[in-house]
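K.L.:
Dropping the structure in here first, questions after.
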Amino acid sequence: MGIIAWIIIGLLAGAIAKALMPGKDPGGIIITMLIGIAGGLLGGWLGKVIFGVDSVDGFFELSTWIAAIVGSLILLVLYRLVTGNRRSHRHA
């Protein structure tokens, strides 16, 4: 897959991850898009390392989308943990 396909998958995976984990995030749409793109890459890498699955076969493969969404969810949780701690210290 090309870089444009990864960006599109990442953007959509980030939006899906945000919909699955609603709540107020300190970042805006740009952060969500970046988390989605990085999450897509993370999910593809984890799928290959842990399960031995080549999840980057194609744009329309279900495994590609699942890997991207799971990776985005992982990064969104980590992002909320890191920025949530920072926000609580500012208000204290």
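K.L.:
In region 17-30, what residues are at pLDDT 75 or above and surrounded by 16 or more Cβ atoms within 10 Å (Cβ to Cβ)?
P.N.:
A17, K18
K.L.:
Now for a separate question. Name every residue in region 31-57 that is open to solvent by 50 Å² or more (accessible area, probe 1.4 Å), in contact with a helix residue (DSSP H, G or I) (Cβ under 6 Å, 6 or more places away or on another chain) and modelled with pLDDT of 75 or more, in order of residue number.
P.N.:
M33
K.L.:
Could you list, in sequence order, the residues of region 13-43 that are under 13 Å from the mean Cα position of the chain (by Cα) and part of a loop (DSSP other than H, G, I, E, B)?
P.N.:
Listed by number, the list holds a single entry, M21.
The values are calculated or read from the model by the stated rules, or taken from the named source; none is laboratory data. Here the structure is a predicted model, which is why all the values come from computation and not from measurement. Cβ coordinates were reconstructed from backbone atoms using ideal geometry, including for glycine residues, and neighbour counts include every protein chain displayed. SASA here: full protein model, heavy atoms, side chains in, ligands and nucleic acids out. Shrake-Rupley method; radii C 1.70, N 1.55, O 1.52, S 1.80 Å.
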